[in-house]
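**Student:** Mind having a look at this structure? Questions to follow.
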Amino acid sequence: MLQGKTIVLGVTGGIAAYKAAALCSKLKQEGAEVHVIMTSSATQFISELTFQTLSRQNVYTDTFDERDASVVSHIHLADHADLVLIAPATANVIAKMAHGLADDMLTTTVLATMAPILVAPAMNVHMYAHPAVQQNMDVLRQRGVMFIEPEEGLLACGYTGKGRMAEPEHIVEHVKQWCATAKEQAVSEVALPSKLGHDAELQPGLGGGEELLSGRTVLVTAGGTLERIDPVRYITNDSSGKMGFAVADAARSMGAKVILIAGQTQVAPPEGMEVIAVESTQDMFDAVTSQYDNADIVIMTAAVADYRPVNRATQKLKKTGEKLIIELERNPDILEELGKRKMHQFLVGFAAETEHVEQYAIDKLRRKRLDLIVANDVSRSDAGFRSDNNEVLIYEEQGLVERIPLMAKTGIAKRLLHIVAERLPAGSGQRMLTAEEVRSLE
Ligand code: CTP
């Protein structure tokens, strides 16, 4: 699975460094070329010789120990890595990475690399929960660094809680998953244009995929809807709009005409598309249904309020008794209605769940007659609402299409649109008619 992949394994100074030996060995068994960089603290826990023997490569500990005069070691490693994996990662190395410090072989390599970075933290439960550590991790996530969460259990320091480095097998699974996703993306970028019947050759250097959605109209909803109680009070939800904006931007960069319908959001919408601002679920329903005939693909990332107050006070409500009961009534289910009216459109829903993620997601897909559903677990703090990252499972009627590991929402959006594009043709060599073509037949 990892044949031909070069992995730089950074080992830092925590007791879990001993587990990095098993990790190194498993990566090697999967076919990867593993180059280990140890911090000097890591060498207090485990010897260089262990990694040298397991990896069959020189182990790096000192930036100035240049053994090969023809290269600068940290740049050479940084340039040749397909992935930089840091396991275990201490609070200290995470802080240094967040601040861009480069005072040893590992942090200089990390700063110099363009490769994806995957980090497996390991530390005491209180250290892991410390706001400084969490903030540093958030900063890194925003830069696209991926994390494998530590596990809960008995820690070497005697505490029980979250902080144990993920087991080597689990980390290897993550690496393989990342590798499969990257490979599939590369394949679909090269293969899809011809599948879709596009004449245009892929231009080298563009990374492919730019024109996969050309000629298509993509309708994207983003953010949360808001239901007013009175002129100054309302009910809404935590949606930031980031996922929907990432999808809209990715669709635009893949050549689609994008219509973005945005509710409440916490960031500015992307440029280069028509943006329709809405407030309530009914507003979103009206906007989406009025654009539906023009759309080839509809991606409903919006977190839609299922209920609205029965009465909306025209004046600010005054305090009265000890209790205030606000009666709510059902809003229309936009996606369910789109499912009922579906003609040529390809429908994608999102399912934010806190439990039974797969079961609830597939139920929604069937109930709303969707082509794909993207499920995420919003009970996690490092993904989902407000975060720049997400980890999602994409399902179709027959079951799981793909699990996308924790990554930036922009990356998830691109991958999702590739999966959509792959499914647009009705059969081999055919493609779905665009809305304009359907109209021209009428
Ligand atoms: N959705 C919608 N209209 C609604 C509610 C949800 O279009 N009134 C869409 C969302 O945009 C999302 C999908 O349906 O793409 C699933 O949303 P979710 O809130 O997870 O599901 P619900 O259908 O509301 O189901 P439940 O409340 O039972 O979880």
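**Student:** May I ask you to list the residues in region 342-364 that are open to solvent by 70 Å² or more (accessible area, probe 1.4 Å) and more than 10 Å from the ligand (Cβ to nearest atom)?
**Tutor:** Result: Met343, Glu355, His356, Glu358, Gln359.
**Student:** Among the strands (runs of 3 or more DSSP E) lying completely within region 289-341, list those that include at least 1 residues that are within 16 Å of the ligand (Cβ to nearest atom) and without any contact (Cβ under 8 Å) to a residue 40 or more places away in the chain.
**Tutor:** 328-330
**Student:** Quick one: which residue in Ala89, Ala17, Ala102 is within 26 Å of the chain's Cα centre (by Cα) and at pLDDT 95 or above?
**Tutor:** Only one candidate qualifies: Ala89.
**Student:** In the set Leu23, Leu49, which member is part of a helix (DSSP H, G or I) and within 19 Å of Ala166 (Cβ to Cβ)?
**Tutor:** Leu23
**Student:** Among what's in region 63-79 and is open to solvent by less than 70 Å² (accessible area, probe 1.4 Å) and assigned to a loop (DSSP other than H, G, I, E, B), pick the residue that is nearest to Ala156 (Cα to Cα).
**Tutor:** Taking the candidates together, the pick is Thr63.
**Student:** Is it true that some residue in region 387-406 is within 17 Å of Asp238 (Cα to Cα), within 11 Å of the ligand (Cβ to nearest atom) and surrounded by fewer than 23 Cβ atoms within 10 Å (Cβ to Cβ)?
**Tutor:** No, that holds for no residue.
**Student:** Within region 308-328, how many residues turn out to be more than 11 Å from Arg228 (Cα to Cα) and exposed (fewer than 10 other Cβ atoms within 10 Å of the Cβ)?
**Tutor:** 10
**Student:** Still on this structure, please answer the following. Could you please let me know if Thr281 is crowded, with 21+ Cβ neighbours inside 10 Å, in the same structural domain as Leu328 (by TED's automatic domain parsing), within 13 Å of the ligand (Cβ to nearest atom) and touching a residue at least 12 places away in the same chain (Cβ under 8 Å)?
**Tutor:** Against the criterion (crowded, with 21+ Cβ neighbours inside 10 Å, in the same structural domain as Leu328 (by TED's automatic domain parsing), within 13 Å of the ligand (Cβ to nearest atom) and touching a residue at least 12 places away in the same chain (Cβ under 8 Å)), Thr281 qualifies.
**Student:** In region 103-114, what residues are in contact with a helix residue (DSSP H, G or I) (Cβ under 8 Å, 6 or more places away or on another chain) and open to solvent by less than 50 Å² (accessible area, probe 1.4 Å)?
**Tutor:** Result: Met105, Leu106, Thr107, Thr108, Thr109, Val110, Ala112, Thr113.
**Student:** Looking only at region 4-40, how many residues end up being under 23 Å from Met97 (Cα atoms) and open to solvent by 60 Å² or more (accessible area, probe 1.4 Å)?
**Tutor:** The total comes to 3.
**Student:** Among the residues of region 353-392, which ones are modelled with pLDDT of 90 or more and either under 16 Å from the mean Cα position of the chain (by Cα) or of a type in the set (Val, Ile, Thr) (or both)?
**Tutor:** Passing the criteria: Ile362, Ile373, Val374, Ala375, Val392.
**Student:** Would you confirm whether or not region 255-265 contains a residue that is open to solvent by 10 Å² or more (accessible area, probe 1.4 Å), closer than 19 Å to Arg369 by Cβ and at pLDDT 95 or above?
**Tutor:** No, the conditions are met nowhere in region 255-265.
**Student:** Of the numbered conditions (1) more than 15 Å from the ligand (Cβ to nearest atom); (2) over 18 Å from the mean Cα position of the chain (by Cα); (3) farther than 22 Å from Ser214 by Cβ, Val267 satisfies every one except a single condition; which is it?
**Tutor:** The single condition Val267 does not satisfy is (2).
**Student:** Got a sec? Which of Gly215, Gly241, Gly223 is surrounded by fewer than 24 Cβ atoms within 10 Å (Cβ to Cβ), at positive phi and not hydroxyl-bearing (Ser, Thr, Tyr)?
**Tutor:** Result: Gly215 is the single residue among Gly215, Gly241, Gly223 that is surrounded by fewer than 24 Cβ atoms within 10 Å (Cβ to Cβ), at positive phi and not hydroxyl-bearing (Ser, Thr, Tyr).
**Student:** Right, next: For region 208-272, list the strands (runs of 3 or more DSSP E) that sit wholly inside it and hold at least 2 residues that are of a type in the set (A, V, I, L, M, F, W, C); which are they?
**Tutor:** Ranges flagged: 217-222, 257-262.
The values are calculated or read from the model by the stated rules, or taken from the named source; none is laboratory data. Everything numeric in this text was worked out from a predicted model, so none of it was measured. All Cβ positions, even for glycine, are placed from backbone atoms using ideal geometry, and neighbour counts span all protein chains on display. We work out accessible area using only protein heavy atoms, side chains counted, and drop any ligands, DNA or RNA first. Shrake-Rupley method; radii C 1.70, N 1.55, O 1.52, S 1.80 Å.
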